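Everything on this sheet refers to the single structure shown next.
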Amino acid sequence: MQNKLAIDWDLYSNVYNGFLGQVEVAVPATDKITTDASVLDMLANNRSQQTRYRVYTNAKNSYNNYGSSLGVTYNFSGNYTLSGNINFSDITKNKESDLFVTGFNTPKWASNLSFGNREIVPNFGFNVVWKWQDAFDWESPLVNARVSAYHNIDAQMSYKLTKAVIKLGGSNVFNNHYIQYAGGPTLGALYYMSITFDNILTK
């Protein structure tokens, strides 16, 4: 459509044999293995009496990671651009469990949508991006937990000078607090201003 519309779509699938992951191991904490005290320690409701850790190993089952992404960009008159994409990713769960922790740690769905104009008026441009990510399960030696879905908005304005570009913007401009992984820090807003010089030694 006269270079106004661009569509990018892809599919992928990977099959892993001997997938590297982790198995959770527990040992009694109060007495030697095979004693009555150690048996009591290993009851499910006595996790505080167990020393728990994980060891790396290869899975007995095969694992299939698959997904797809779709991106669309449309250029309007007046140099306006609207674009967005959506991504899907998942991994198969086998019928026969091998007590294996894959640590896939990837949301099934993620998307973003952007709108901007590189030069809405002479020398001045802007761009706004909305981002969203689905909730997912996080597995690691440190912690297992559910990471909540979140969304935020990034924005930037730019102004061109003769030999420089001034940019003013922010990431998560509305300061919507979120975490990217279990056990990680809470993230908020980041605001910035930059000046980029170009060809300052030329006349």
Problem set entry | S48 being farther than 30 Å from I120 by Cα, modelled with pLDDT under 75 and part of a loop (DSSP other than H, G, I, E, B) | no
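Out of the residues in the range 125-182 meeting the condition of being charged (D, E, K, R) and open to solvent by 60 Å² or more (accessible area, probe 1.4 Å), tell me which one is farthest from the chain's Cα centre (by Cα). Give the steps one after another, and end with the answer.
Initial filter on the range 125-182 (charged (D, E, K, R)): 131, 134, 137, 139, 146, 154, 160, 163, 167.
In the following step, the residues that additionally are open to solvent by 60 Å² or more (accessible area, probe 1.4 Å) were identified as 131, 137, 139, 146, 160, 163, 167.
On the way: K131: 11, D137: 12, E139: 14, R146: 13, K160: 33, K163: 37, K167: 26 Å.
For the range 125-182, the residue satisfying everything is K163.
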Exercise. K93 versus (1) charged (D, E, K, R); (2) in contact (Cβ under 8 Å) with a residue 24 or more places away in the chain; (3) open to solvent by 50 Å² or more (accessible area, probe 1.4 Å): which is the lone unmet condition?
Worked result: (2)
Exercise. In the range 96-112, which residues are free of Cβ contacts under 8 Å to residues at least 60 places away in the same chain and of a type in the set (G, A, S)?
Worked result: S97, A110, S111
Exercise. Can you tell me which residues in the range 154-194 are among the small types (G, A, S) and assigned to a loop (DSSP other than H, G, I, E, B)?
Worked result: A182, G183, G184, G188, A189
Seminar exercise, completed: Across (1) within 26 Å of G103 (Cβ to Cβ); (2) at pLDDT 75 or above; (3) part of a strand (DSSP E or B); (4) of a type in the set (D, E, K, R), K60 clears everything bar (3)
For this session: Please determine, by comparing only the residues of the range 67-87 that are open to solvent by less than 60 Å² (accessible area, probe 1.4 Å) and hydroxyl-bearing (S, T, Y), which one is farthest from Y12 (Cα to Cα).
Result: T81
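The values are calculated or read from the model by the stated rules, or taken from the named source; none is laboratory data. Only a predicted model underlies this, so the values are computations on that prediction, with no experimental measurement involved. Note that we place each Cβ from the backbone using ideal geometry, even for glycine, and neighbour counts take in every protein chain shown. The protein model used for the area step is the full one, side chains on, heavy atoms only, and it has no ligands, DNA or RNA in it. Shrake-Rupley method; radii C 1.70, N 1.55, O 1.52, S 1.80 Å.
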